[in-house]
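Student: First, the structure itself, so that you have it in front of you.
Since every read-out is calculated from the coordinates, none of them should be taken as a lab result. Keep in mind the model is a prediction, meaning the values are calculated, not measured. A quick note on method: Cβ atoms are made from the backbone with ideal geometry, for glycine too, and the neighbour counts reach across all protein chains shown.
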Amino acid sequence: EAVLHVKDGLQLLEEQFKELQRTSSGMQSYLFNIADVSLHAPIMRPAKLIGIGLNYKDHIEETKAKTPAEPLLFAMYANAIIGPEESIVIPQISQMIDYEAELAVVIGRRARHVSVENAIDYVAGYTIVNDVSARDLQRNDGQWLRAKSTETFAPMGPFLVTKEDLGTADGLSIQLRLNGKTMQNSNTRNL
């Protein structure tokens, strides 16, 4: 009886990268000058893009909101995702655009009824997202879909870091700069 073992994509890439590292000429053929490339989001068309509202202590204090008793989930469309250096397009129907630097957790496999203790086993890695919001639409609609899913409202990346490299992503600095000015400066401990 033959047994076929299929490796997941991340494991296969890690093995190939380690093989390239063994030979200096192998690595050189894959190196590029950053000025010569366009960086894109590490995940362009996820099956789901789910946000958690009022998830940072700093943001709750800033908005004088009440801390939710349960996670406040909202959906975002994949068409909102753009690369980290692409321009955010402000829609004509909104006058109140806001931003939030977010740690994005990339779930690597189907997860349902997962215990807190086993949750990390489902994490493939992490990236960063600027969760852009049309606050006037959010307040007027009474829900968040249109305010969060406008095209270009989810700049992401450019990198995906595996959980093997980052662990539980606790204690990481998270900042957002707008036109060179630091607008947010927090830490993932405040999640």
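Student: Could you list, in their original order, any pairs among LYS48/LYS181; LYS66/LYS148; LYS57/LYS181 whose Cα atoms are separated by more than 25 Å? If you can, show how the numbers build up before the last one.
Tutor: Numbers: LYS48/LYS181 32 Å; LYS66/LYS148 20 Å; LYS57/LYS181 21 Å.
Pairs exceeding the cut-off: LYS48/LYS181.
Student: Here's something else I'd like to know. I need the chymotrypsin sites (Phe, Trp or Tyr not before Pro) found in the range 64-132, filtered to DSSP loop residues with at most 15 other beta carbons within 10 Å of theirs. Before the final figure, lay out each step's value.
Tutor: Numbers: sites: PHE74, TYR77, TYR99, TYR122, TYR126; in loops: TYR77, TYR99.
Listed in order of number, the matching sites are TYR77.
Student: Does anyone have the angle between helix 9-22 and the longest principal axis of the chain? Alpha-carbon axes, 0 to 90°, nearest 10?
Tutor: That helix lies at roughly 50 degrees to the long axis.
Student: Follow-up. Which FRET efficiency, nearest 0.05, do ILE93 and LEU178 yield, Cβ-Cβ r, R0 30 Å?
Tutor: Values: r = 22 Å, r/R0 = 0.72.
For ILE93 and LEU178, the calculated efficiency is 0.90.
Student: If the elastic network links every pair of Cα atoms under 10 Å, which of ALA65, ALA101, ALA35 fluctuates the most in the Gaussian network model of the chain?
Tutor: Residue with maximal mean-square fluctuation among ALA65, ALA101, ALA35: ALA35.
Student: Another question, if that's okay. In deg cm²/dmol and to the nearest 500, what is the mean residue ellipticity at 222 nm of the chain if only DSSP H runs of at least 4 residues count, each as -39500 (n - 2.57), divided by the residue total? Each step should come with its number before you reach the end.
Tutor: Numbers: 6 runs with 42 residues, N = 191.
Computed mean residue ellipticity for the chain: -5500 deg cm²/dmol.
Student: Projecting each Cα onto the charge dipole of the chain (Lys/Arg +1, Asp/Glu -1 at the beta carbon, about the Cα centre), which of PRO46, THR67, ALA169 comes out farthest on the positive side?
Tutor: The listed residue farthest towards the positive side: THR67.
Student: Please report the antiparallel percentage of DSSP beta bridges with both residues in the chain, rounded to the nearest 5.
Tutor: Numbers: 23 of 25 bridges.
Approximately 90 percent, going by the DSSP bridge assignments.
Student: What number, in nm² with one decimal, is the all-direction average of the projected area of the convex hull of the alpha-carbon atoms of the chain?
Tutor: Values: hull surface 61.2 nm².
Convex hull of Cα atoms, orientation-averaged projection: 15.3 nm².
Student: Same structure again: How long is the gain from GLU62 to ILE50 if the chain were fully straight, where each residue apart is worth 0.36 nm and the alpha carbon distance is subtracted?
Tutor: Details: separation 12, 0.36 × 12 = 4.32 nm, distance 2.24 nm.
The GLU62-ILE50 span can extend by a further 2.1 nm.
Student: Lysines near LYS18 by alpha-carbon distance under 29 Å, same-chain residues fewer than 8 away left out - which ones?
Tutor: Output for LYS18: LYS7, LYS163.
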